[in-house]
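Remarks on the structure that follows.
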Amino acid sequence: MRGGSRRPRVPGACVPPLPDRGSCGAGCGHSGRARLPTDAAGTHRPVTHPAPLPAGRREPATATLLDPRTSMESTMLATPVDLDQLTGVWQIDPAHSEVGFCVRHLMTRLRGAFTRFSGTITVGDDPPLSSVRAEIDTASVDTRNSMRDKHLRATDFLDSDNHPTACFTSARIRTKDGRYLVDGALAIRGQVRRVTLDLFLLGVDTDVSGRTRAGFRAYTRISRSEFGVTGHVPVAGRRALIGDTVLLELEIQAVKDH
């Protein structure tokens, strides 16, 4: 509160569900279109609305967004958050966060993640003046296959011995069509490229220890070859076993400094 007036609320507008498991957005050949609920006979059921909230509780607004990654039209919750709750410095909690990726393998998708990472989110009085800095231990790549993970750490992919850390540093945060976009520099294998993250605020809450936590979801697509990740396994017909487009998926929970 300043000057007797209430601080503005930051809309949580455009909180998408996790990506449709039918599409990773990396050219896997699936439409990625959301499915409507059906009954046992396969007939579409009407969507039922939740019961009214108890007195004093605010009902979240709803919004519909055409997801730019998968052309998936879906219904999402929009939970306004007081700016006072967000302003400050936040540390990413790796135990409750995930840095994942998805890439085409032949005709299907392959998912993986990095298990060691850290980062700081600084939210200013004016959200566009906020900043993000994150680091990822490239040797922590995990695709649930030890032989494949060893290959991904090798010189033709992540080259983890010579480039142990991938970094992202934001340059600016802007809004477009009701969602946040984070422009910044992503460094992998010493190659720095400009990328834009679609960022969604999931909400702010207090955990059982009394710490304030904020949830974020973010996506972007990159071309791995632009970062020197050029590992290639040819297959018959001059096709590539592994696609070049990689979808990065971030599910982040951050703890506020006090």
Compute the length gained on full extension between L181 and D257: take 0.36 nm times their separation in residues and subtract their Cα-Cα distance, giving the result in nm to one decimal.
25.0 nm
Phi angles of region 249-258, converted by Karplus (6.51 cos²θ - 1.76 cosθ + 1.60, θ = phi - 60°) into ³J(HN,Hα) in whole Hz with x for Gly and Pro, give 10, 10, 10, 10, 10, 10, 9, 7, 5, 10
Check each of the chymotrypsin sites (Phe, Trp or Tyr not before Pro) in region 197-258 and keep only those in coil by DSSP with at most 10 other C-beta atoms within 10 angstrom; list them in order.
none
Report the FRET efficiency, 1/(1 + (r/R0)^6), for R144 and Q91, where r is their Cβ-Cβ distance and R0 is 25 Å, rounded to 0.05.
0.35
Sorted by packing (mean other beta-carbon atoms within 10 Å per residue), highest first, where do 229-236, 141-148 land?
141-148, 229-236
For region 99-184, with +1 on Lys and Arg beta carbons and -1 on Asp and Glu, the positive-most of A171, V182, L106 along the dipole
L106
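None of the figures in this text is laboratory data; all of them are computed from the coordinates on show. Since the model is a prediction, treat every value here as computed from it, not as a measurement. Cβ sites come from the backbone with ideal geometry, for glycine too, and all protein chains shown count toward neighbours.
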